[in-house]
Amino acid sequence: MGDSQRFRRIKAASGLLAVLSIPLFLLVYLRSQFDIVQLPIGQALPPMEFLTFEGEPIRSESLTGQKTALIFFTVECPKCKGQLEKMNQMQLRYGKLMRFLGVSLSERNKTREFLARQEYAFDVVHMDFERAKEVIGVAIVPTVLLVDEKQILRQRLVGEQPLMKTEKAVQEFLNSIALQQETRSEETTSGKSITP
């Protein structure tokens, strides 16, 4: 084999290696830019701050003591509108047992305009989308987080869910919380020590 033939093979192999490495570098870059870590089920919500549409801050700690559904959405998202309607039905059915709170990740003015055309039975607050990604890993909307009285994440619904699945998740959430409370009550009356 001559030097020119060997040179062509080396050049072809180098070119092939360069072409094959581009997707790998692209994948590494994209993962570094968009790798979102979701808050694990069973973990407490980190401290967060929402804003009312009057600009008043609401801290996540204020949710302590209440079962809460946090409904993250954007006004531009058609599937969010469908999930908001389903959560509105859940508010009407289960609102005495838990709190429902819409969390808009869109600009406040756009959200205000959107809400002027809607009638939801629950309050809506604002949070910066990038902050929601960073703090609790909400990268896809709609996302519903079901949080217990101690601010522990118990369930997550990502994307628009059928009404039956949404209601089943809310019922399971309420039943699991009731079962935990009943178990604690039985342990207390039987003299066993309880550690939260």
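Values quoted throughout were computed directly from the atomic coordinates according to the rules given, and no laboratory measurement underlies them. These figures come from a predicted structure and were not determined experimentally. Don't worry about glycine lacking a Cβ; one is built from the backbone with ideal geometry, like all the others, and counts go over all protein chains shown.
Here are the numbers:
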{"read-out": "Convex hull volume of the stretch 49-189 per residue (C-alpha atoms, cubic angstrom)", "value": "107 Å³"}
{"read-out": "Packing rank of 126-135, 37-46, where each peptide gets the mean count of other beta carbons within 10 Å, highest leading", "value": "126-135, 37-46"}
{"read-out": "Protection-proxy order for peptides 162-173, 136-147, each taking the mean of Cβ atoms within 10 Å per residue, highest first", "value": "136-147, 162-173"}
{"read-out": "Inter-centroid distance (Cα atoms) of the stretch 44-73 relative to the stretch 126-142, Å", "value": "13 Å"}
{"read-out": "Neighbour-limited loop hits for trypsin sites (Lys or Arg not before Pro), the stretch 99-130 (at most 15 other Cβ within 10 Å; DSSP other than H, G, I, E, B)", "value": "R117"}
{"read-out": "Across K133/K168; K96/K150; K81/K165, pairs whose alpha-carbon gap is larger than 20 Å", "value": "K133/K168"}
{"read-out": "Cβ-based net charge around A169, under 12 Å, with every Lys or Arg adding one and every Asp or Glu removing one", "value": "+3"}
